[in-house]
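Below is one structure; the comments refer to it alone.
The values are calculated or read from the model by the stated rules, or taken from the named source; none is laboratory data. The model shown is predicted, which means the values in this text are computed figures rather than measured ones. Cβ placement follows ideal geometry from the backbone for every residue including glycine, while neighbour counts extend to all protein chains displayed.
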Amino acid sequence: MKNFLRKLHIGDSAGDGASSLAPPPPVSKKGGGGGGGGGGGGAQHEHKHGSGISSWLSSVTGRPQTQPSPSPPFAADAVVEAEAAALASSVEVRRLEVEEEEEKARRESREESVRKREMEKEKQEAELEEYHMQLALEMSAREDPEATQIEVAKQISLGSCPLQSSPAEVVAFRYWSFSALSYDDKILDGFYDIFVIGDEPTLPTIPSLTELHQQPFSHASKTEAVLVNRAQDTKLVQLEQKALIMAVEVRSKTPEFVGHNLVQRLATLVSDYMGGPVIDPESFLSKYQNVSSSLRASIRSAVMPLGELTIGLARHRALLFKVLADSLAVPCRLVKGRQYTGSDDGALSIVKFNDGRSRYSYTFRRCGLG
């Protein structure tokens, strides 16, 4: 026990230095007559030891305790978070501004491209209009129905046109041979217009209407024909009646028998009936192919009635315009092909007004006159 207390005392002295109580003096170990005194000295020594330990314990317990350092205040964390949020907001705002600027630049670029295409289209249409006007004037100046009749008779004598042909088939043969009909040529029931689809070679001779009807139906057929036959085409008859009512109304309001207003409304009637103005030629061609394929499949023939075509290309519109113009006694020429229109499948009709002027009705791209 003494050794333990001594160790505590030594440890305290090493730790506290001078501030600690001095250790009790060592006990003298003497023999002999000092036995009784030795016993009293031992008791006194133990008392001193107890007193010293008490004082040492009091000094230890009375020392100030070391306090832990305070943690950082919460206000600093809040400031850091606020700065981070402000920085993120600033970055997001800048990103949105950059995206908006890029979108604006793209939009302006698209608008500029559209403007350029529209200007180019207007320029091309103006040049095409001027070409057609000159063409109409040239054809009107050299009109010679007698020479055309002689040429047809020559072709019949050569065997190109069957001798049994009806008047309507003779006109059809003339249109197929020369790609043009004069003001005096009238389209009668039995007239048909043949067109070879794709890159197929041109037919050496025009097949008769009977031969066309006798051909077996096939979706892969590259030859199609449009027939004018009021006896079997009620929709065409209804369209002629509608055109007649319109002509009576227009002529009652103007002294001109053939005027601009009448021709304009007639062209609009044709355009509306056959699908309206053409905005996208490729898309419109796809619609026509679907309609014509369905129609030929339903009648099991490549010969389609003109009145059944609710979607019509240039050649169909120009033909319908000529049919209606003939029914209203409006002088009208009909031309088709590359030499007249610049396109193999293009066609247009040319109207002669009362004052002798000739104007074309390009009903494929426009509703009326140019």
Practice prompt. Output the number of the condition that Asn354 fails; it satisfies all remaining conditions of (1) in contact with a Phe, Trp or Tyr (Cβ under 7 Å, 6 or more places away or on another chain); (2) assigned to a helix (DSSP H, G or I); (3) over 18 Å from Asp193 (Cα atoms); (4) not hydrophobic (A, V, I, L, M, F, W, C).
Written response: (2)
Worksheet item: Got a sec? Which of Pro216, Pro255 is over 26 Å from Val303 (Cβ atoms) and either crowded, with 17+ Cβ neighbours inside 10 Å or not charged (D, E, K, R) (or both)?
Response: Pro255
Item to complete: State all residues of segment 278-287 that are in a helix (DSSP H, G or I) and in contact (Cβ under 8 Å) with a residue 12 or more places away in the chain; if no residue qualifies, say none.
Response: Phe284, Leu285, Lys287
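Say we look at segment 294-316 and pick out the residues that are among the small types (Gly, Ala, Ser) and in contact with a strand residue (DSSP E or B) (Cβ under 6 Å, 6 or more places away or on another chain); which of these is nearest to His219 (Cα to Cα)? Walk me through it before giving the result.
Looking only at segment 294-316, we keep the residues that are among the small types (Gly, Ala, Ser), and these are 294, 297-298, 301-302, 307, 312, 314.
After this cut, where a residue has to be in contact with a strand residue (DSSP E or B) (Cβ under 6 Å, 6 or more places away or on another chain) as well, the list is 302, 314.
Numbers: Ala302: 9, Ala314: 22 Å.
Here the residue is Ala302.
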Discussion item. Go through (1) loosely packed, with under 14 Cβ neighbours inside 10 Å; (2) part of a helix (DSSP H, G or I); (3) touching a strand residue (DSSP E or B) at 6+ places or on another chain (Cβ under 8 Å) for Gln238 and report which single condition fails.
Written reply: (3)
Worksheet item: at pLDDT 90 or above and surrounded by fewer than 17 Cβ atoms within 10 Å (Cβ to Cβ): does that describe Leu285?
Response: yes
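Considering only residues of segment 190-199 that are part of a loop (DSSP other than H, G, I, E, B) and either exposed (fewer than 10 other Cβ atoms within 10 Å of the Cβ) or aromatic (Phe, Trp, Tyr) (or both), which is modelled with the lowest pLDDT? Explain how you work it out, then say what you get.
Narrowing segment 190-199 to residues part of a loop (DSSP other than H, G, I, E, B): 190, 197-199.
Okay, now just the ones that are also either exposed (fewer than 10 other Cβ atoms within 10 Å of the Cβ) or aromatic (Phe, Trp, Tyr) (or both), so 198-199.
Numbers: Gly198: 71, Asp199: 68.
For segment 190-199, the residue satisfying everything is Asp199.
I'd like to verify a number: residues in segment 288-314 that are assigned to a helix (DSSP H, G or I) and surrounded by 22 or more Cβ atoms within 10 Å (Cβ to Cβ), how many? Before you say what the answer is, go through the steps one by one.
In the first step, residues of segment 288-314 are kept if they are assigned to a helix (DSSP H, G or I); the result is 288-299, 306-308, 314.
So of that shortlist, the ones also surrounded by 22 or more Cβ atoms within 10 Å (Cβ to Cβ) come out as 306-307.
So the answer is 2.
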